[in-house]
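Contents: one structure, followed by commentary.
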Amino acid sequence: MAIFLLILSLLGGLALAGAAAPTTPRAELAFVGVDHGLPQLFVVGADGAERRQLTSGSGSNTTPVWSPDGRRIAFIHRDGADSQVYVMNADGTSQRRLTTDPGSHASPAWSPDGREVVFVATRDGESQIVAVNENGTRRDLTRPPGDRRNPAWSPDGRLIAFQSKAGSGPFALFVMGADGTNLRQVPTPSFGLQPDVTSFAWLPDGRLAYTNRSGTAQESLAVTNLDGTGQRFLGTASSPAWSPDGRRLAFVLSRVGGAQIDVRNSGGGTPVRLTDPLVISVRPTWSPDGRQIAFLIIDGGTVTLTVMDADGTHKRSLGSVYGDLSARPVFSWRPR
């Protein structure tokens, strides 16, 4: 009888162990807030819980970008005239500088394998695309002259796209190999008044979405293959954000009363408005699992980080953020 009970106990323990569900990391966002008048980095759960501060002290800290494994955060630290690229653990420990050259450093972006950070280095009026690993080894990917902005790795890590212009001309869209070779311009015909690329985003399938300035307060959105084939005009919109599976597109439309976030299927169809038409809602960003969208609400001088379900329901405020929206990104999702 005792042996029988022991066997039952062991089988029950095995059943419980087999039924235990694997733990899923909490959905979190890093963002730029203000502490004692200075921009600092914080992390908060998508449910608004467990807000914690990661940086402090003198100088400003902005543009938090998670590493692909979610264990580190790259960011920009400014103290005085110079700004440098830093990296730290996800809990704010082990903060270390990756760049040392004088000048301005901006727009950090991790490679998909997490081995390098690409960024824009500006000195004496010239902006170049540079990559650095965590040992501080630097690779200059472009050469003067030029004004470069917003480098972004392709999903497979083989290419880097960025905006560039010469002199006072408009910005164009370029792509190059991750080693800086095979630089070429991506054809981006304008569907409006000016061939000035204001933003772009990689699609999961390796195409590029881009916006051209189509008027004084409007932008036109299109997608294209890198060689300019397959051009498709998607409408008047800004801040395109593709869902992780590439099936849905969130974007901003300016309407009477404010700017609202809409979402539509990538293949077409009628857009669905997700946000209040009487407030200004910008910068939609999908969660890694595609179930939620984070965005910013601008109300006078206050900017609030907000999260909603992907259908526009269950909106919740996560608190105010740093008001300088030119320091992109102001917030970012932690990878799954």
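The values are calculated or read from the model by the stated rules, or taken from the named source; none is laboratory data. Note that the structure is a prediction, hence the values are computed from the model and not measured. Ideal geometry is used to build each Cβ from the backbone, glycine not excepted, and the neighbour counts take in all protein chains shown.
Within 23 Å of Met308 (Cα to Cα) and assigned to a loop (DSSP other than H, G, I, E, B), is that true of Pro204?
Here the answer is yes, as Pro204 does meet what is asked.
Restricting to the range 154-197, count the residues that are in a loop (DSSP other than H, G, I, E, B) and either on the phi < 0 side of the Ramachandran plot or modelled with pLDDT under 95 (or both).
Total meeting the criteria: 24.
Within the range 115-139, work out how many residues are among the small types (Gly, Ala, Ser) and not in a loop (DSSP other than H, G, I, E, B).
3
Condition first: of a type in the set (Gly, Ala, Ser) and in contact with a Gly (Cβ under 9 Å, 6 or more places away or on another chain). Now tell me which residues in the range 162-178 satisfy that.
Ser164, Ala166, Ala178, listed by residue number.
Could you identify the single residue in Ile261, Ile293 that is under 25 Å from Gly70 (Cβ atoms) and surrounded by 19 or more Cβ atoms within 10 Å (Cβ to Cβ)?
Ile293
Go through the range 129-150 and give me each residue that's within 20 Å of Val65 (Cα to Cα), in contact with an Asp or Glu (Cβ under 7 Å, 6 or more places away or on another chain) and surrounded by fewer than 20 Cβ atoms within 10 Å (Cβ to Cβ).
Scanning the range 129-150 gives a single hit, Asn133.
Just one of the numbered conditions (1) touching a Lys or Arg at 6+ places or on another chain (Cβ under 7 Å); (2) farther than 25 Å from Arg232 by Cα; (3) of a type outside the set (Gly, Ala, Ser); (4) assigned to a strand (DSSP E or B) is not true of Thr142; which one?
(4)
What about Gly319, is it farther than 21 Å from Trp66 by Cβ and either in contact with a strand residue (DSSP E or B) (Cβ under 7 Å, 6 or more places away or on another chain) or loosely packed, with under 14 Cβ neighbours inside 10 Å (or both)?
It is false that Gly319 is farther than 21 Å from Trp66 by Cβ and either in contact with a strand residue (DSSP E or B) (Cβ under 7 Å, 6 or more places away or on another chain) or loosely packed, with under 14 Cβ neighbours inside 10 Å (or both).
Filter the strands (runs of 3 or more DSSP E) completely within the range 226-326 down to those with at least 3 residues that are small (Gly, Ala, Ser) and modelled with pLDDT under 95.
By residue number, 238-242.
From the list Pro102, Pro112, which residue is surrounded by fewer than 22 Cβ atoms within 10 Å (Cβ to Cβ), within 18 Å of the chain's Cα centre (by Cα) and either not in a loop (DSSP other than H, G, I, E, B) or not charged (D, E, K, R) (or both)?
Pro112
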